[in-house]
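Student: Dropping a structure here in structure tokens format, bear with me for questions.
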Amino acid sequence: MYLVLGCGDVGFSVASRLKRRGAELVVVDKDAKKIEWFKKMGYSAFVGDFCLPDVLKDAGISRAEVVLLMIPDFRLTERALGAINRLKAELKIDPVVVARVLDESETAEVKHLGASDALPSSQILANFTLSRFEELKGMVKEKRLRALLGELGGRIAIVLQTNPDPDGIASGVALKRYAQAFGIDADIIYDGSIGHQQNRALVNLLDLDLLHAEDVKFDNYTAFALVDVATHANCALPKDILPTIVIDHHPVPSSEVHARYQDITIVGSTSTLLTNYLRYAAVEIDGATAAALVIGTLTDTMNFTRGTTPTDFEAFEHLMKLADVELLGKLQSPAVPPDALDVLARAIKGSKLNGGYLITNVGEVDDRDTLPQASDFLLKREGVQTVLVYGIWNNLVCVSARTNDIAIHLGQALRQAFSEIGSAGGHARMAGAMIPLKAIKAKSKRVLKRAIDRQVGRKFLEVVGVTKPSKRGRTRPRSKR
């Protein structure tokens, strides 16, 4: 969150640009008329003297990642910095503080008073300033992480999410490289499986030494880093061990994250975040690591069509200058195993199209990663806007969904449909679910397939409004009136 102190011409310019970029911000000024105007324009705004600690507390400084002092009066800046410094000690917070100065001559003094950086008014009004704020925030975070690693010593366990994807794997590789640059050894640990051919290609072509959680003694590590995952809910870290470091790009309530160092930044991929840690620390990114981070970014942003930010584009541009092009080509087009083709054939044969929604039950599968591959392929079919593929794996009904329809949020739809009998979640355009087979109500194995179709496929169509339940519990198409 950005806390903008002072809303004159420069403060307004900065606040309006931040708002256009979708940033969370609060504006503070003691001019009630200005604040009233900001509120009418849809801003979070607060009336008060920001040189007073209580006013800063009420405005939410404890949640602020960046504090922007946008006032031209040096004496007011000095008083405000004094209040901020007192709150840093009292609340144990450490936001990035950027102060406006009239010219370069005031820069050194403002930094001495506690500002992270100082920018002349002319630079603040320049187009590059907002990206500069983001860069400053990233640089300060990198210094904090480096300082923490220096305190820890020993060996770090880098724990990925269950069944890690390319973004998680690449980010784990990057964090290990970052730690090693400062003399800290690390192991990358995962649970579940690495089944998708692109994930396997990433591990094999980069010759990665990943450890399965079943083969690990967590007592052997002095610190624990969660990467591309923020809580115990979807990783192998034992629940009685708190993570030391969390770096993730998924939105997670801060109340659920417990770590000495937390970086939950909403960008397109965790690969973007780790790329910038390496950049800001001036750690060399070799061609193979750069290629892995490129793949991680592309997969999680769906080739820049989902959740992409300017930060992602900037990091990607940097990576493409360094990536091993030949390796990148192999990672983008890995060989497709026969079992994936078999599942795809069954998915096509058994598919049923209902008003742009394609539903298909592929039966039993040996590798659950073949389901999202089938979903991705079927979404390309003419007339299809949403795909739901499901099958049985390891006594679970696994569900994979994809959509191009902006009117539906798949993660929410799957949670609504299946959270009472299993687990579900995901993004707006791609999501998944796992339902214990024993939760499917079937009188016998002979009718199991029909029971799964009814309780998974039809249930999903009910939730998204394509069909509605009949009085006897069966579904029928909605009226087109």
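The values are calculated or read from the model by the stated rules, or taken from the named source; none is laboratory data. All figures in this text were calculated on a predicted structure; none of them were measured in a lab. When we count neighbours, we look across all protein chains shown, and the Cβ atoms used for this are built from the backbone with ideal geometry, even at glycine.
Student: Run down LYS143, LYS111 and say which single residue is surrounded by 14 or more Cβ atoms within 10 Å (Cβ to Cβ) and charged (D, E, K, R).
Tutor: Residue meeting the stated conditions: LYS111.
Student: In addition: How many residues, within the stretch 309-350, are within 17 Å of VAL389 (Cβ to Cβ) and assigned to a helix (DSSP H, G or I)?
Tutor: Residues flagged as within 17 Å of VAL389 (Cβ to Cβ) and assigned to a helix (DSSP H, G or I) within the stretch 309-350 amount to 11.
Student: A further question follows. Which pairs turn up if I take residues in the stretch 202-226 that are assigned by TED's automatic domain parsing to the domain that holds GLY172 and assigned to a loop (DSSP other than H, G, I, E, B) and look for partners that are charged (D, E, K, R) and surrounded by fewer than 17 Cβ atoms within 10 Å (Cβ to Cβ) with beta carbon separation below 7 Å, at least 6 apart in sequence or on another chain?
Tutor: TYR221/ARG155; THR222/ARG155
Student: Continuing with this model, one more query. Counting only residues that are at pLDDT 90 or above, give me the helices (runs of 4 or more DSSP H) lying completely in the stretch 1-60 with at least 1 of them.
Tutor: Those helices (runs of 4 or more DSSP H) span 32-40, 53-59.
Student: Specify the residue that is farthest from GLU364 (Cα to Cα); the eligible residues are those in the stretch 391-412 that are among the hydrophobic types (A, V, I, L, M, F, W, C), over 17 Å from the mean Cα position of the chain (by Cα) and crowded, with 16+ Cβ neighbours inside 10 Å.
Tutor: Once the filter is applied, the top-ranked residue is ILE408.
Student: Continuing with the same structure: Which residues, counting only those in the stretch 216-230, are surrounded by fewer than 18 Cβ atoms within 10 Å (Cβ to Cβ) and in contact with a strand residue (DSSP E or B) (Cβ under 9 Å, 6 or more places away or on another chain)?
Tutor: Answer for the stretch 216-230, where residues must be surrounded by fewer than 18 Cβ atoms within 10 Å (Cβ to Cβ) and in contact with a strand residue (DSSP E or B) (Cβ under 9 Å, 6 or more places away or on another chain): VAL216, PHE218, ASN220, THR222.
Student: Still on this structure, please answer the following. Any residue in the stretch 314-343 that is of a type outside the set (Gly, Ala, Ser) sitting within a Cβ distance under 6 Å of a residue that is not in a helix (DSSP H, G or I)? List the pairs, counting only those 6 or more apart or interchain.
Tutor: Correct list of pairs: LEU322/ILE285; ASP339/ASP366; ASP339/ASP367; VAL343/VAL362; VAL343/VAL365.
Student: What do you reckon, is SER375 polar (S, T, N, Q), closer than 18 Å to GLY457 by Cα, within 26 Å of the chain's Cα centre (by Cα) and not in a helix (DSSP H, G or I)?
Tutor: no
Student: If you don't mind, another one. Considering every residue within the stretch 37-59, establish whether at least one is in contact (Cβ under 8 Å) with a residue 40 or more places away in the chain and under 12 Å from TYR2 (Cα atoms).
Tutor: yes
Student: When only residues in the stretch 331-358 that are at pLDDT 85 or above and of a type in the set (Ser, Thr, Tyr) count, which is nearest to GLN373 (Cα to Cα)?
Tutor: Here the answer is SER351.
Student: Then there's this: Scan the stretch 263-271 and tell me whether some residue there is at pLDDT 95 or above, in a helix (DSSP H, G or I) and more than 22 Å from GLY183 (Cβ to Cβ).
Tutor: yes
Student: Just to be sure before I move on: is LEU274 in contact (Cβ under 8 Å) with a residue 60 or more places away in the chain and part of a helix (DSSP H, G or I) in the structure I sent?
Tutor: Considered against the rule, which asks whether it is in contact (Cβ under 8 Å) with a residue 60 or more places away in the chain and part of a helix (DSSP H, G or I), LEU274 comes out as yes.
Student: Name the strands (runs of 3 or more DSSP E) wholly inside the stretch 413-481 in which the number of residues that are of a type in the set (A, V, I, L, M, F, W, C) and either at pLDDT below 90 or surrounded by 17 or more Cβ atoms within 10 Å (Cβ to Cβ) (or both) is 1 or more.
Tutor: Passing ranges, in order: 423-426, 430-436.
Student: Please work out if LEU328 is crowded, with 22+ Cβ neighbours inside 10 Å and outside the structural domain of ALA401 (by TED's automatic domain parsing).
Tutor: no
Student: Let me ask you something else. In the list THR162, THR107, which residue meets the criterion of being in the same structural domain as THR299 (by TED's automatic domain parsing), polar (S, T, N, Q) and at pLDDT below 90?
Tutor: The match here is THR162.
Student: Could you go through the stretch 341-349 and let me know if any residue there is over 30 Å from LYS468 (Cβ atoms), crowded, with 16+ Cβ neighbours inside 10 Å and out of contact with any His (no Cβ under 9 Å at 6 or more places or on another chain).
Tutor: yes
Student: Taking the stretch 162-200 on its own, how many of its residues are among the hydroxyl-bearing types (Ser, Thr, Tyr) and either touching a Pro at 6+ places or on another chain (Cβ under 6 Å) or without any contact (Cβ under 8 Å) to a residue 60 or more places away in the chain (or both)? Give the derivation first.
Tutor: Taking the stretch 162-200 as the starting set, the residues that turn out to be among the hydroxyl-bearing types (Ser, Thr, Tyr) are 162, 171, 178, 190, 193.
Narrowing further to those that are either touching a Pro at 6+ places or on another chain (Cβ under 6 Å) or without any contact (Cβ under 8 Å) to a residue 60 or more places away in the chain (or both): 190.
The qualifying residues number 1.
Student: Considering only the stretch 433-455, I want to know if a residue exists there that is within 30 Å of VAL267 (Cβ to Cβ) and not assigned by TED's automatic domain parsing to the domain that holds ILE194.
Tutor: Taking every residue of the stretch 433-455 in turn, at least one turns out to be within 30 Å of VAL267 (Cβ to Cβ) and not assigned by TED's automatic domain parsing to the domain that holds ILE194.
Student: Mind listing whichever residues of the stretch 277-308 are assigned to a loop (DSSP other than H, G, I, E, B) and among the aromatic types (Phe, Trp, Tyr)?
Tutor: PHE304 - this is the single residue of the stretch 277-308 that is assigned to a loop (DSSP other than H, G, I, E, B) and among the aromatic types (Phe, Trp, Tyr).
Student: Considering the stretch 61-73 alone, what residues qualify as being outside any loop (DSSP other than H, G, I, E, B) and hydrophobic (A, V, I, L, M, F, W, C)?
Tutor: Hits for the stretch 61-73 are ILE61, VAL66, VAL67, LEU68, LEU69.
Student: Let me ask you something else. Being under 21 Å from the mean Cα position of the chain (by Cα) and at positive phi is the filter; apply it to the stretch 163-197 and report the residue that is surrounded by the fewest Cβ atoms within 10 Å (Cβ to Cβ).
Tutor: In this case the residue turns out to be GLY192.
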